[in-house]
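Heads up: the structure comes next, in structure tokens.
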Amino acid sequence: MDSMPSQIGPEGIRYDFQDGCRVSLPEGQWHLEIKDLLTQTVLFSDNSTGGLVTSTKRYFIPFSIKVSRAGRVIFNHIMNLRDQEVLIDMHLGGIGDHIAWMGHVEAFVERHGCNLTCIVRTDIVELFREKSDLITITDNHELFSHQYYARYKVLIFFNDNDRNFQPTDYRQVGLGVMAAYILGLPPQDRRPTIRIAEGGRPIPEEYVCIGTQASGHNKYWNNPTGWLNLIPFLKKLGYRVICIDRDRVTGSNTIWHHIPHGVEDMTGQIPLTERARWLTHAAFFIGLSSGLSWVAWAAECPVILISGFTEPYNEFATPYRVINRNVCNGCSNDVTLEFERSNYMWCPRHADTERDFECTKMISSRHVEQTIEQLIADQQDYA
């Protein structure tokens, strides 16, 4: 982003709405007012002899700018994104983050009618390419230097105590709607449209997909016999069980997780569009608070989500959420706890005790089996 605002006003005034409201005034005797039109709050009103003024808040706010000199209005501008070049940057988010947020990006474009460039991480581009004429999905970082009218960074901001980058803490509202708050939209689940690889149903038999791997130990189903009991249960119901994790084995230091014994191994560096093809034809998906659960949701596959690390509101709504409220749970959404992203073994309340990771150690196989039985019953009721 250029240090100078991209838009040119009268008499050397420059302005834009890149990471907030920015107004540059040439040398002179000016009075500048910046206002939030939604709340009708004057955010800045003062005399200036020139220089750059930026708003403290960096998320979407409907700003107005008024520049006066000697009591006469020289420049009056109300922010309007229609037909303007706008950037949304979310390239630092995970796979689940991108899918959680892209539906809000679509709604943002629909509401404002802007020409949007959305910069995402490389492995997610194909999942969202060809969305509409108004949205360009890319991983091209050279586009950061383009002279946008407005730009917004959609990301989870840790330690943003003054709420300058996000209007509310993600722990209070959940990952799924965080982008809605940043982009000024009503908070609700918004399922994005994704690309599904061609080929139709991959196998003729009834099957389920599972995802057992995650980015941190706290996200796993840490019941040591959980998956081992569940796989035979699924097969007894007549399903082939397909594991679509990227990695067969992953972990850190002395803790390593293998995909469960007895599954059909479809791990590997397979495009997400192909994962989505398998998911869209699966009877259902069983996963964790991780990216594949979000892919399944976007593919409109029924999701059984096993997590004690997060509160159910953190992810998309599913009637098949598995959590044990009788033990410690929900630390990820506890605003009194600071998430240590680099700590693979983060268990803030019970680390190094016999109760560590009890949130999922104490989710029984039978609990998950009952949830599966409920899902199947629901599917039969609606058949």
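Structure summary
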quantity	calculated
Region 254-323 - percent relative contact order, Cα under 8 Å, separation 6 or more	24 percent
Reach of Lys35 by Cα under 17 Å, taken over aspartates and glutamates that are not fewer than 8 positions away in the same chain	Asp16, Asp19, Asp46
Cα shape, region 245-368, gyration tensor, a/c 1.5 rule	prolate
Cleavage-rule hits (trypsin sites (Lys or Arg not before Pro)) in region 113-171: DSSP loop, at most 16 neighbouring Cβ within 10 angstrom	Arg121, Arg129, Arg163
Within the chain, percent of DSSP bridges classed antiparallel, to nearest 5	55 percent
Net charge of neighbours whose Cβ lies under 14 Å from the Cβ of Pro202, counting Lys and Arg as +1 and Asp and Glu as -1	-1
Within the chain, helix-based [θ] at 222 nm, where runs of 4 or more DSSP H residues each add -39,500 (n - 2.57), nearest 500	-6500 deg cm²/dmol
Antiparallel %, DSSP beta bridges [both residues in region 85-182], to 5	5 percent
Counted charge near Gly28, where neighbours are those whose Cβ lies closer than 9 Å (Asp, Glu -1; Lys, Arg +1)	-1
Alpha-carbon spread of the chain, three principal axes, descending order, Å	82, 49, 40
Cα Rg, Dmax (largest Cα-Cα span) when computed across region 85-182, Å	13.0, 38
Whole-angstrom Cα spans of region 7-78 along principal axes, big to small	30, 21, 17
Antiparallel bridge percentage (DSSP; both residues within region 175-318; nearest 5)	25 percent
Region 1-148, relative contact order [Cα under 8 Å, separation at least 6], %	18 percent
Counting all C-alpha pairs of region 296-355, share separated by more than 14 Å (%)	62 percent
Percentage relative contact order, the chain, counting C-alpha pairs under 8 Å, at least six apart	14 percent
Low-density loop positions, GluC sites (Glu not before Pro), region 195-270 - DSSP coil, at most 12 other Cβ in 10 Å	Glu198, Glu205, Glu206
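Bear in mind these aren't lab numbers, they're just calculated from the coordinates by the rules spelled out. Computed from a predicted model, the values in this text were never measured in an experiment. Virtual Cβ from ideal backbone geometry, glycine too; neighbours counted across all protein chains shown.
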